[in-house]
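Data block below; observations after.
Nothing in this text is a laboratory measurement; each read-out follows from the coordinates by a stated rule. Given the structure is predicted, the values throughout are model-derived calculations rather than measurements. Counting neighbours? That spans all protein chains shown, and the Cβs are built from the backbone with ideal geometry, glycine included.
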Amino acid sequence: MGTTALNRTLSAGAAGAALLLLVRVGGAGAQGYHLRLDTRIQSVSFRGWALDSIPVGDTVSTPGEGPTSPDGYAVRCLDGASYCAFFRPGPERRSQPLTTTADLTLWGLGVAGLSMHALGRLGADVGGADYWPGTDPAVQLLEGYAQYATHRATVRLGRQTVASRLGVTGFDGAEVSLRDRRRGLDVQGYLGWGLARGGVLPVTSPAVNPLDDFQPVSRQVVAGAEAGWRSSGADARIAYQREVDTKTDKFVSERLALQGSVRPHERVSLTAGADYDIAFGWWGNAEAALAYADRRVRAQVGVRRYRPHFDLWTIWGAFSPVPYRAADASLSVVAHRRFTARARYERYEFDDAEAATPLFQGAESTGWRWALGGTLTPAPAWTVDGEYRSEFGPGASSAGFAGSVAYAPSRRLSIALTGSSVKRPLEYRFNEAVAHTIGVDAEFEASTAVRLGLSASRYDESHDRPDAAAYDWDQLRLAARVVLQLGHGADLRGLPPSIRMLPGGRAER
Amino acid sequence: MTVRLLIALAVAIALPAGLRGQEAAARVRFDHFKHRSLFPTCVECHQGAGEDPDLPIWPEAESCATCHDGTTRPKVEWAPPTESRPSNVKFAHDLVSMMPRKTPQGERALTCGDCHLPADGTWMAVQRATPEGCLSCHGTGAAHLAESGDLCSTCHLPLPRAKRLRVADVAAFPEPPSHEVEGFARGTGHGALATGTSDPVAASCATCHARDFCLTCHVDAPEQPAIQALALDPRSLAIAVTLRAPPSHAEAGFLREHGAALRTDARQCATCHTRESCFACHAPSQPVSAALYARAPGRGAGAHPVRRPPDSHGANFSRGHAAVAASTPATCAGCHVRPDCLQCHRPDAAATPGYHRAGFLTVHPASAYARETSCSECHNVGSFCQTCHQSAGLVSTRALGSGYHDASPFFIVGHGQAARQSLESCTACHVERDCLKCHSALGGRRASPHGPGFDADRLRSKNPEMCAACHGKAIPG
């Protein structure tokens, strides 16, 4: 059985199991449950490059220009090599990912405060190609845990995520939170087998290593602790997290973070934080922002620093990634009751990489980003939005406009026309991409339990190069969505935190 | 075609209205003043208003024909009303004899003219009796609708007992000036008026309102004796009322402080808010909801809060929310649940653009190179970036130097700056073995990758496995 066939079989099996579970839950009169099923499908395609080569002797040399293939592709010939390499426009990659995300919460299990939570996703590429990322493996458990919550404590056991200044960390294990609401204090500790960063799979999964690179053979153990204090005028929080390779008993990461905010006035806040990478011995990300917000004006000025974080099971940290420092400002003003204008600007500069060579000068190390946009509401049901963005910096730049005209005569129906035009030149490759899109999105709430969505968009994309590798690539993207909200349990007093019962779907929020 | 359709519609609407107007005009109304010389007394026609209440109040239609016989006078089509006008007034004409009137000349019996003639007594200038006429004896001197609420029941029935009033009649009730006073909607306004009498509920309320009306807003209706004292009557809903948020809800700090206000005294909130109204914004939780009443029959629906983001959640908030969320996660948890976070932080392969704008795939190198935000908070480099780049032919599969970075002829010798500035971008296409071809102490060009900030001793102590990738067993130091 091939991987794709296996995926489909697993999808069907998991879908059947979910339905069985639903039937059983529906029959359990004493229980309360909330189930949200979000099924989506989209048809997408993209196109990249295909590496090719020709014998050195077959290349064509033109005075004043570099060598090319006979059909006009610029080729790269290394000294002493018998073949020259070049990139042709790649094949069209078409994909139709289909996913169903189930968000299930059960309560009323006979113990006050006890609840079960599961957030899982079934995915498959109905086209069978699996070009689009995210459908492998077919069954993905984002969260699945039992929770016992009281006024002062919460205990969770199972697959879960914790979000902190150090990121969104997933693990299979236990978390305990204690809080003293009167004093505004809380502490939290967790321990478990970690998941890969930015994913829901263990770091040992083949799916997170498509290029067959070095990969740990065992899952890391993650442990962390947080403590926080909050009041009406200020908050402070400290977080510590370590990951340890269970096979070598060595650190995968060890970090400490501090975060705080003060609100000297009800409309003014100052937020600042930083994290320190204990394993590498350097500061990671940091930022400070002063913000003002009322119903008409939102303004913020800030400074920040970004440095990537790498686990110690890779060698990347030893390559000394350098941080950039940035200053930014943003402003949003309700200029008229029907019009809101917004703008933001950021300028950044990388630290000295200490890697300059005489043969390679002038690489960019500073950049900026800005955007200017507005939202017009000419009538209660109509919204017109547009924004122009431009960014310039190392590696790549981009500029373009995106806009939409939306009509929503009621909460049950919305229709939007969207369009954009963007261009993106690269610094290290001849490739200026331009994309024009136009599309339509529609959302319809058939009932409080059913929400439907459809969208279609046309992409016209071109890649400009000074050789035969320039190409145009157009595509029609289609997407559909059905959200089902099912719930049972009239006595909401027994509901634990972290359940939502809004009709209409989370996307509405 | 469209014009014709509009004309046809206009005619269709106007025709019935015109017919109704003609019908009304055809109904003959007796002109008392025109006949003033013919009738010396009222009771000559309105016998029931005289001493014998058993006699009919209206004359017979045939009595008109005495003069309007079609010969000397034209015939008229008049008929006495078959039933009295719908009203909530308690008055009956047989009570008149029991209503003596004080005059300068002494006490005398009430006459028809006292109520139905103008003040100057012009004979047969008959008019409908007015509230002011009643109040000239029964009132305190104030205007009808400004009179003391205790007096309403003197002349009026409570709405549920005024059975013949139609919904339209109720809707046409005039609004007393007390209702226009600022703050009337509060408990200290209409609530104090309703409960400020010895009766369970003020007669002034009961005259125009019934419990259904109160249930338009009052969630705590079962706990309010004054509301329970009113009978149910759906006609009371004909008086339109809109539940408006009190001024405090528009104050700048309200969103932040309303939780504390609820914990201090939930009764105020419970007037207009059900437990479910909290859940419009909040993740359901015991502390928030327990102090309020759950939606139930007999309770008003109350306020329907519309979830709206706080002022801090501006157009650019999604890009900068991390710091705020990390600082006060409990504040976020008031309205958001973790699946909300995971909707973006663990994205769905079949989802259309949401966090990222349309066409982001084309421009993402610009955002990714100098990490506008940390991509790896939502995307796994292996399963997301490398998988897609592999499909697009963008991963390194052979010896380095194939010429992908062709805009810089010496990129391979000068890539250090680019790599240190955006190592995360490099790892989306390159794997460790690509770099170890040169950057290894065990072979290749033995080029050291270590740069600013590199702390060999620390890393060796934390995890020498990483060092071994390049140095083998001969880790320096």
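Across chain A, Cα pairs under 8 Å and at least six residues apart give a relative contact order of 11 percent. Only Lys, Arg, Asp and Glu carry charge here, each on its Cβ (+1 for the first two, -1 for the last two); on that basis chain A has a dipole of about 2620 debye about its Cα centre. Calculated mean residue ellipticity, 222 nm, chain B: -9000 deg cm²/dmol, from DSSP H runs (n ≥ 4) at -39500 (n - 2.57) each, averaged per residue and rounded to 500. Legend: ranking of residues B:His439, B:His336 from fewest to most surrounding C-beta atoms inside 10 Å; resulting order B:His336, B:His439. When the Cα positions of A:Tyr407, A:Gly281, B:Gly314 are compared along the charge dipole of the protein assembly as shown, A:Gly281 comes out farthest toward the positive end, with charges on each C-beta of Lys, Arg, Asp and Glu. Taking all Cα pairs closer than 8 Å and separated by 6 or more residues, the relative contact order of region A:66-193 comes to 14 percent. Note on chain A: Rg/Rh from Cα positions, Kirkwood definition for Rh, rounded to two decimals, is 0.98. Between region B:295-338 and region A:73-124, the alpha-carbon centres lie 30 Å apart. In plain terms, the residue of A:Ile438, A:Ile315 with the fewest other Cβ atoms within 10 Å comes first and the most crowded comes last, giving A:Ile438, A:Ile315. Summed over qualifying helices (DSSP H, 4 residues or more, each -39500 (n - 2.57)) and divided by its residue number, chain A shows a 222 nm mean residue ellipticity of -1500 deg cm²/dmol.
Under 1.5 on a/c is rounded, so check that first for chain B, then, if it is not, pick prolate when a/b is larger than b/c and oblate when it is not; a ≥ b ≥ c are the square roots of the alpha carbon gyration tensor eigenvalues. Because a/c hits 1.5 or more and a/b exceeds b/c, chain B counts as prolate. Across region A:408-422, coupling constants 3J(HN,Hα) worked out from phi with the 6.51/-1.76/1.60 Karplus curve, θ = phi - 60°, read 10, x, 7, 5, 8, 9, 8, 10, 9, 9, 10, x, 7, 9, 9 Hz, and Gly and Pro carry x.
Highest mean packing first, where packing is the average number of other Cβ atoms within 10 Å per residue, the peptides B:378-386, A:376-384, A:220-228, A:465-473 line up as B:378-386, A:220-228, A:465-473, A:376-384. Treat every Asp and Glu Cβ in region B:286-346 as -1 and every Lys and Arg Cβ as +1, leave all other atoms uncharged, and give the resulting dipole magnitude about the Cα centre to the nearest 20 debye. It comes to approximately 180 debye.
Across every direction, the projection of the convex hull enclosing the Cα atoms of region A:75-123 has a mean area of 8.0 nm².
With the charge dipole of chain A set up from +1 on Lys and Arg Cβ and -1 on Asp and Glu Cβ about the Cα centre, the Cα lying farthest toward the positive end among the listed residues A:Ala146, A:Phe319, A:Val422 is that of A:Ala146. For B:Ser37, A:Ser45, A:Ser269, the sequence from fewest to most other C-beta atoms within 10 Å is B:Ser37, A:Ser45, A:Ser269. Compared with the dominant Cα axis of chain A, that is its longest principal axis, helix A:3-27 is turned about 20°. Summarising the amide proton neighbourhood of B:Met99: residues at separation of 5 or more, or on other chains, whose placed amide H is nearer than 5 Å comprise B:Leu110. The 3J(HN,Hα) values that the Karplus relation (6.51, -1.76, 1.60; θ = phi - 60°) gives for region A:396-403 are, in residue order, 7, 9, 7, 7, x, 10, 9, x Hz. Gly and Pro appear as x.
Near A:Gly487, the amide H atoms lying under 5 Å from its own belong to A:Leu35; only residues 5 or more places off or on other chains count, and H is placed 1.01 Å from N. Close amide H partners of A:Glu364, meaning residues 5 or more places away or on another chain with modelled amide H under 5 Å apart, are A:Gly395. Electrostatic bookkeeping for A:Thr248 treats Lys and Arg as +1 and Asp and Glu as -1; over the other residues with beta carbon under 15 Å from its beta carbon, the sum is +1. A straight line joining the Cα centroids of region A:299-369 and region B:118-153 runs 80 Å.
Which whole number in µm²/s is D for the protein assembly as shown by Stokes-Einstein, with the Kirkwood Rh taken over Cα pairs at 10 °C and 1.306 mPa s? Result for D is 46 µm²/s. Ordering B:His439, B:Cys134, B:Val241 by the projection of their Cα atoms onto the charge dipole of chain B, which places +1 on the Cβ of Lys and Arg and -1 on the Cβ of Asp and Glu, puts B:His439 at the extreme positive end. In a simple Cβ point-charge model (Lys, Arg +1; Asp, Glu -1; nothing else charged), region B:43-171 has a dipole of about 440 debye relative to its Cα centre. Reducing region B:424-457 and region A:459-479 to their Cα centroids gives an inter-centroid distance of 35 Å.
Applying a threshold of 26 Å to the alpha-carbon distances of B:Lys34/B:Lys163; B:Lys102/B:Lys163; A:Lys247/B:Lys462 flags B:Lys34/B:Lys163; B:Lys102/B:Lys163 as lying beyond it. Taking every C-alpha pair closer than 8 Å and separated by at least 6 residues, the mean separation divided by the residue count of chain B gives a relative contact order of 7 percent. Computed from phi, the 3J(HN,Hα) profile of region A:57-67 under the Karplus parametrisation 6.51, -1.76, 1.60 (θ = phi - 60°) reads x, 8, 6, 10, 10, 10, x, x, 10, x, x Hz, with x in place of Gly and Pro. In units of the compact-protein estimate 2.2 N^0.38 Å, region A:197-340 shows a Cα radius of gyration of 1.37.
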